[in-house]
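The values are calculated or read from the model by the stated rules, or taken from the named source; none is laboratory data. Note that the structure is a prediction, hence the values are computed from the model and not measured. Here the Cβ positions follow ideal geometry from the backbone for every residue, glycine too, while neighbour counts run over all protein chains shown. Accessible surface areas use protein heavy atoms only, side chains included; no ligands, DNA or RNA. Shrake-Rupley method; radii C 1.70, N 1.55, O 1.52, S 1.80 Å.
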Amino acid sequence: MMTGADLPLLTEADPAAVQISMFMPTHRSGDQSRADQLRWKNLLGAVRDKLSERLKGKELDELLAPAQALQDDSWQWQHMRDGVALFLRPGWHRSYSVPANVPELATIGDRLVLGPALRLLTGNEQFLLLALSQQDTRLFRADRHGIDDVDLHDVPTSLREVVGDPEPRSDTMTRPAAAGAGAAVFFGHGASDKDFKKDEMVSFLRELGAGLRTQLEDDGTKLVLAGLEPIVSAYRGISEYQHVLDEAVLRNPDPLSKDELHQLAWPIIEQQLGDDRSRLVEQFRELQGTGRASSDPDEVHEAAVNGRVETLFVQADPWCWEQETGDPHAIVMLGEDRRYAACEQIEAAAVATMNNGGLVHATSDGVDPDSSMAAVFRY
């Protein structure tokens, strides 16, 4: 999944290097994977033809090698989502299976274009989901479109990893319990769990919380908790993460798949996003005419590049890069194709806003429908 942590790598400009962005819609079922693979071959061929005017032989082959490797990977084409995005520069590449529709498009220039994949980083839609369980705690990163596992490495994910098994015929644990033991409180529903006491659960959650500090970068990403009410409440009491939402999925997560957990958690995030967006649109309207807000694309672009944009609204559905060009394979030479000049301006404003800590919402509906961009300025 593409995340905000990828942004610095994907937005490096290098006037001396050729950088390529490639996008193509794909199918989740294997029935059409062969057709997708063939379409990628044709798109790659069109990119190669265009680049052959600037690069030759080994240099061209090395630059396009990751795209060629993807073309030849039949297994990968049978395990796609709704789209694929591949980013190339000399000696470096990144590829993403995109859980959202993208057009068939490639760009060539001195920088990469996030284009339609930029929607995955806008609107503050990404969130974390922590499924709390004394048997198997799981962490996920998700957005509107999908959910991915986060590898917890050495973080303890079960109570027994921290407090060990009870001695036979005794409720004495193999490891010392944390201070502050109280009356027995039963968590979960397994018979063996009834031997575990509240202090042992708190000990486990403290170890879990300490381990998660390295996983939960404090970048403002919202965290939804899922679990039975006692363990959710106990985790709230020890967590130091600042962005845990008040509403939680109060269900036993053990029998639920990650997709089922996503279905339960997304409405919580969607409500939060709707409330946040309404507040920001109202702020834009209040600041219009004061110099702190604008819907003039040139003014907004300049302010974003200078780090002045706090909140940026950009037109979406369709995203600018998804406009119809009439080309079977749209190959855009950045700075040379006037049809995409506005798209390049929007992209530059959005990337600059995010790189400077601002928030981008990929819709201008209800803000200024006559403009491709609108913004609230910091000053």
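Just one of (1) assigned to a strand (DSSP E or B); (2) modelled with pLDDT of 95 or more trips up Q71, so point out which.
(1)
Among the small types (G, A, S), closer than 28 Å to S372 by Cα and surrounded by 18 or more Cβ atoms within 10 Å (Cβ to Cβ), is that true of A303?
Details: among the small types (G, A, S): yes; closer than 28 Å to S372 by Cα: yes; surrounded by 18 or more Cβ atoms within 10 Å (Cβ to Cβ): yes.
Answer is yes for this residue.
Going residue by residue through the range 14-29, is there one that turns out to be surrounded by fewer than 18 Cβ atoms within 10 Å (Cβ to Cβ), closer than 20 Å to G115 by Cα and charged (D, E, K, R)?
yes
Pairs only if they're at least six apart or on different chains, beta carbon under 9 angstrom, first in the range 104-133 and under 30 Å from S158 (Cα atoms) and part of a helix (DSSP H, G or I), second open to solvent by less than 10 Å² (accessible area, probe 1.4 Å) and modelled with pLDDT under 95; list them, first residue then second.
Close Cβ pairs satisfying both conditions: none exist.
Cβ-Cβ under 6 Å, sequence separation 6+ or interchain: first residue in the range 32-50 and within 15 Å of Q78 (Cα to Cα), partner open to solvent by 80 Å² or more (accessible area, probe 1.4 Å). Which pairs?
Close Cβ pairs satisfying both conditions: S33/Q78.
Please go through the range 31-51 and pick out each residue that is open to solvent by 40 Å² or more (accessible area, probe 1.4 Å) and either touching a Gly at 6+ places or on another chain (Cβ under 6 Å) or not aliphatic (A, V, I, L, M) (or both). So that I can check it myself, show each step before the final result.
If we filter the range 31-51 for residues that are open to solvent by 40 Å² or more (accessible area, probe 1.4 Å), which is where we start, we get 31-32, 34-35, 38-39, 41-42, 48-50.
Hits for the range 31-51 are D31, Q32, R34, R39, K41, N42, R48, D49, K50.
So, A342, is that one within 22 Å of Q19 (Cα to Cα), at pLDDT 90 or above, among the aliphatic types (A, V, I, L, M) and in contact with a Leu (Cβ under 7 Å, 6 or more places away or on another chain) or not?
On the way: within 22 Å of Q19 (Cα to Cα): yes; at pLDDT 90 or above: yes; among the aliphatic types (A, V, I, L, M): yes; in contact with a Leu (Cβ under 7 Å, 6 or more places away or on another chain): no.
Here the answer is no, as A342 does not meet what is asked.
Restricting attention to the range 97-108, and to residues there that are of a type outside the set (G, A, S) and under 12 Å from H145 (Cβ atoms), which single residue is most open to solvent (accessible area, probe 1.4 Å)?
Keep residues of the range 97-108 that are of a type outside the set (G, A, S), which gives 98-99, 101-105, 107-108.
Narrowing further to those that are under 12 Å from H145 (Cβ atoms): 98-99, 101-102.
On the way: V98: 1, P99: 7, N101: 115, V102: 12 Å².
Checked the range 97-108; the qualifying residue most open to solvent (accessible area, probe 1.4 Å) is N101.
Just checking, which of R138, R111 is more than 30 Å from F313 (Cα to Cα) and open to solvent by 40 Å² or more (accessible area, probe 1.4 Å)? First the steps, then the outcome.
On the way: R111 fails: more than 30 Å from F313 (Cα to Cα).
Answer to the check: R138.
Look at the range 327-379 and say how many of its residues are of a type in the set (K, R) and more than 30 Å from G45 (Cα to Cα). If you could, list the steps in order and put the result at the bottom.
If we filter the range 327-379 for residues that are of a type in the set (K, R), which is where we start, we get 338-339, 378.
So of that shortlist, the ones also more than 30 Å from G45 (Cα to Cα) come out as 378.
Adding up the residues that qualify gives 1.
Go through (1) of a type outside the set (F, W, Y); (2) over 23 Å from the mean Cα position of the chain (by Cα); (3) open to solvent by less than 10 Å² (accessible area, probe 1.4 Å) for R338 and report which single condition fails.
The single condition R338 does not satisfy is (3).
Scanning the range 219-241 for residues that are β-branched (V, I, T) and farther than 14 Å from L129 by Cα, which turns out most open to solvent (accessible area, probe 1.4 Å)? So that I can check it myself, show each step before the final result.
As a first pass, look at the range 219-241 and keep what is β-branched (V, I, T): 221, 224, 231-232, 238.
With the extra rule that they be farther than 14 Å from L129 by Cα, the set shrinks to 231, 238.
Numbers: I231: 11, I238: 44 Å².
Top of the filtered list is I238.
Yes/no per residue for (1) modelled with pLDDT under 85; (2) surrounded by 13 or more Cβ atoms within 10 Å (Cβ to Cβ):
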residue	(1), (2)
L130	no, yes
V155	no, yes
R160	no, yes
F186	yes, yes
A191	yes, no
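Take V305 and tell me if it is farther than 30 Å from P15 by Cα and aliphatic (A, V, I, L, M). Even if it seems obvious, please write down each step before you answer.
On the way: farther than 30 Å from P15 by Cα: no; aliphatic (A, V, I, L, M): yes.
When the stated conditions are applied, V305 does not pass them.
Are any of the residues in the range 68-86 within 21 Å of D14 (Cα to Cα) and open to solvent by less than 60 Å² (accessible area, probe 1.4 Å)? So that I can check it myself, show each step before the final result.
Filtering the range 68-86 down to residues within 21 Å of D14 (Cα to Cα) leaves 85-86.
The next check asks that each one be open to solvent by less than 60 Å² (accessible area, probe 1.4 Å); those that pass are 85-86.
Scanning the range 68-86, I find at least one residue that is within 21 Å of D14 (Cα to Cα) and open to solvent by less than 60 Å² (accessible area, probe 1.4 Å), so the answer is yes.
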